[in-house]
Amino acid sequence: MARAAELTAGELLAPPAPVRLGDVVPAPEQVRPDPTADFTLPADAAVRVGPDPDAREVAEQLAELLRPATGYPLPIVVEATTTGGPLVLTLAAATPPAGVPRPRTAAEDTAGAGAAGAVAGAAEPAGTDGAASVGGVAEPVSPGGVDPTPSAAGPTTVGADELGAEGYRLDVTPTGVRISADTATGLFHGVQTLRQLLPAAVESPSPVAARWVVPGGVLVDRPRFPYRGAMLDVSRHFFGVADVLRVIDHLARYKLNHLHLHLTDDQGWRIAVDSWPALTTVGGATEVGGGPGGFYTGADYRRIVRYAARRHVTVVPEIDLPGHTNAALTAYPELAPDRVAPPPYTGTEVGFSYVDPASERTYDFVADVLGEVAALTPGPWLHIGGDEAFKVKGAAYTGFVERTQRIVAGTGKTVIGWHQIAPAGHAEERVLQWWGTDGTDPVVAEAVRRGARLILSPGNHAYLDMKYAPDTPIGHDWAGLIDVRRAYDWDPGTHVAGVPADAVLGVEAPLWTESVTTLAEIEFMFLPRLPAIAELGWSPRSAHDWAGFRERLAGHGPRWATAGIAFHRAPEIPWPAERDAADTPTTATPTPPATPTPTG
Ligand code: TNX
């Protein structure tokens with residue numbers, strides 16, 4: 001505060017070209033810019049919020065985001081009813097927004113842009129605008145905010161009660177910014193948007209002399225799909241708690257709401273299980289390339305889960321079964337088909353290990369492990385892997401999966417498995433994670449007809465362990481090269497033949513870590529592709545536009561650089577010239593890790 005206040009007007013930087021209201025990733029559903037309504041944050045601003053504890057928590061997070069760069073104190077003021085002020089968070093918006101088109105559902109999107117708009121309801125009378133007047137004109141608003149032509153959704157209106165579990169409304173007027181939502185999660189997403197609407201210098205960890213201008217107008221936003229995630233493989237290389245927390249920050253920035261942790265594989269078992277302690281003491285001591293490995297204690301895992309929950313991210317734990325289990329077998333040979341402990345594995349081959357599906361001891365193990373992991377996990381999901389169990393075939397495989405699905409149901413969780421579990425019998429609500437590369441799989445389509453839902457992680461678009469280009473220093477290419485455009489150019493609603501959009505729960509970008517060894521390398525592979533996947537999961541299909549996306553994404557380079565986050569300067573993105581990011585650290589480009597030596 002003191003430092004910022006001491007700066008004279010002459011020392012202030014020239015006002016940066018304000019970010020445009022639609023310059024947000026993922027693209028908001030509806031944007032109505034009002035260039036006459038820009039707002040400048042004053043040094044004495046408070047964050048005003050109602051008494052709901054979760055909303056107060058979001059207010060505190062907003063202040064935490066803004067304090068370092070602005071140097072402003074930003075006290076939190078709790079009010080029974082929020083009125084006005086520079087920064088206001090309002091839960092359960094009481095007044096419907098005026099003149100905002102009704103959002104389209106995923107199913108409507110799939111029906112085609114032109115026809116789908118004429119759904120449910122004529123335009124409501126405009127007028128009772130909430131925090132900020134936008135003139136009450138029921139004029140359509142374009143998704144992405146860069147195109148003033150009407151969106152295909154047509155001029156129907158959305159009531160405030162339609163913001164749903166994650167939506168929010170953001171009003172910017174010359175006197176302040178108000179974020180309204182039905183839930184604290186919606187407020188949190190609105191805060192992430194506000195962060196992007198401020199100059200990139202807001203990412204600075206120390207005070208910066210800048211005018212903190214927010215572009216004027218109204219934005220109404222909510223997700224296309226409920227499940228939007230990323231996966232981190234902590235088995236092939238182990239990543240400590242601090243790294244995982246930082247990954248959660250990156251997810252939250254882009255409104256991703258699930259972190260899938262691939263906790264077990266041949267190269268290491270990473271989650272403590274009290275009833276089978278050698279899983280970690282023996283099975284956790286290895287990783288690809290021969291490094292020391294590591295594992296999360298129950299307390300570590302709880303800390304990750306709590307940190308994620310505060311950022312409205314749900315942790316999805318994966319225990320990969322019946323294959324990918326060499327680390328478990330080194331600890332407990334009684335689970336192996338021949339009851340002989342295999343040597344520890346630090347290579348990168350797949351498909352050779354499995355727990356004995358014919359042994360009752362295996363199901364004791366599965367029930368104990370899944371029971372303990374379920375008890376540690378507040379979220380609704382348990383992921384059982386199921387991929388590449390090449391040596392467990394036919395009825396032995398489907399029988400194992402069906403029994404494991406029942407064990408999961410017994411823990412009260414909903415089962416997720418890689419799409420290889422499709423031939424197993426249906427289990428209520430079960431979810432398949434598609435990682436195929438050609439969009440056709442009759443077995444998966446049939447499982448969906450029986451009631452399964454799908455998370456889409458197509459290997460050739462969403463696998464962030466694939467290289468960007470032939471010269472990318474780390475990564476694989478078995479599913480092809482994935483540059484930013486390839487990560488962006490597909491539609492989760494239509495991607496798998498025979499799977500309708502309403503069976504699609506959402507999208508996930510997996511990061512396998514055979515070749516990824518450091519946090520900087522994780523960031524290099526995530527950014528800038530993770531925001532592409534995030535936009536596919538969040539934004540209405542009508543907002544999908546590569547030309548607009550690459551321009552919006554370009555503005556994030558200076559943000560990452562200012563925050564000290566590594567990323568790949570992908571050549572197809574028009575990054576601002578270096579001088580525009582003059583106050584930013586140099587981007588870290590990872591050096592290639594030593595090639596791991598397969599040992600089996
Ligand atoms: C396939 S995708 C795997 C993983 C590897 C990955 C490498 C899937 C479910 N299984 O075991 O790490 O390829 O890209």
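Derivation of every value follows stated rules applied to the coordinates shown; laboratory data play no part. Predicted, not measured: the structure shown is a model, and the values here were computed from it. Don't worry about glycine lacking a Cβ; one is built from the backbone with ideal geometry, like all the others, and counts go over all protein chains shown.
Could you list the chymotrypsin sites (Phe, Trp or Tyr not before Pro) in segment 438-541 that lie in coil according to DSSP, counting only those with at most 12 other Cβ atoms within 10 Å of their Cβ? Please list the in-between numbers first.
Numbers: sites: Y463, Y468, W478, Y488, W490, W512, F524, F526, W538; in loops: Y463, Y468, W478, W490, W512.
For chymotrypsin sites (Phe, Trp or Tyr not before Pro) across segment 438-541 that sit outside H, G, I, E and B with at most 12 neighbouring Cβ atoms in 10 Å, the list reads W478.
R0 = 25 Å: FRET efficiency of W478 with D502, Cβ-based, nearest 0.05? Please list the in-between numbers first.
Values: r = 31 Å, r/R0 = 1.26.
For R0 = 25 Å, the calculated efficiency reads 0.20.
What is the distance in Å between the Cα centroid of segment 387-443 and that of segment 16-69?
Cα centroid of segment 387-443 versus Cα centroid of segment 16-69: 43 Å apart.
Please list, in order, the residues from segment 362-392 whose amide nitrogen is less than 19 Å from a point placed 7 Å along the Cα→Cβ vector of E428.
371, 374-375, 379-384
List the trypsin sites (Lys or Arg not before Pro) within segment 377-413 that fall in a DSSP loop (any state other than H, G, I, E or B) and whose Cβ has at most 12 other Cβ atoms within 10 Å. Walk me through the numbers before you get to the answer.
On the way: sites: K391, K393, R403, R406, K413; in loops: K391, K393, K413.
Answer by residue number: K393.
Find how much the distance from T437 to E64 grows on full extension, using 0.36 nm per residue of separation minus their present alpha carbon separation; answer in nm with one decimal. Show your work: numbers first, answer last.
Details: separation 373, 0.36 × 373 = 134.28 nm, distance 4.15 nm.
Between T437 and E64, full extension yields 130.1 nm more.
Compute the separation of the alpha-carbon centres of segment 187-202 and segment 521-549 and state it in Å as a whole number.
Between the Cα centre of segment 187-202 and that of segment 521-549, the gap is 17 Å.
Quote to one decimal, in nm, the extra length available between A395 and S275 on full extension: 0.36 nm per residue of separation minus the C-alpha distance between them.
Additional length available on full extension: 40.3 nm.
Mind checking the dipole of segment 469-530: about its Cα centre, +1 per Lys or Arg Cβ, -1 per Asp or Glu Cβ, Debye to the nearest 20?
Numbers: 3 positive and 10 negative charges, 17 e Å.
That gives a dipole near 80 debye.
Can you pull out the trypsin sites (Lys or Arg not before Pro) in segment 295-368 whose DSSP state is coil and whose Cβ has at most 16 other Cβ atoms within 10 Å? Let's see the in-between values first.
On the way: sites: R302, R303, R306, R310, R311, R339, R361; in loops: R311, R339.
Passing both the DSSP loop test and the Cβ count: R339.
Cα-based Rg of segment 341-419 per 2.2 N^0.38 Å, rounded to two decimals? Present the calculation step by step, with values, prior to reporting the outcome.
On the way: Rg = 13.3 Å, N = 79, 2.2 N^0.38 = 11.6 Å.
The reported ratio for this selection is 1.15.
Once the piece of chain linking E79 and D44 is laid out straight, how much longer is it, given 0.36 nm per residue of separation minus the C-alpha distance between them?
Working: separation 35, 0.36 × 35 = 12.60 nm, distance 1.76 nm.
Length difference between fully extended and current span is 10.8 nm.
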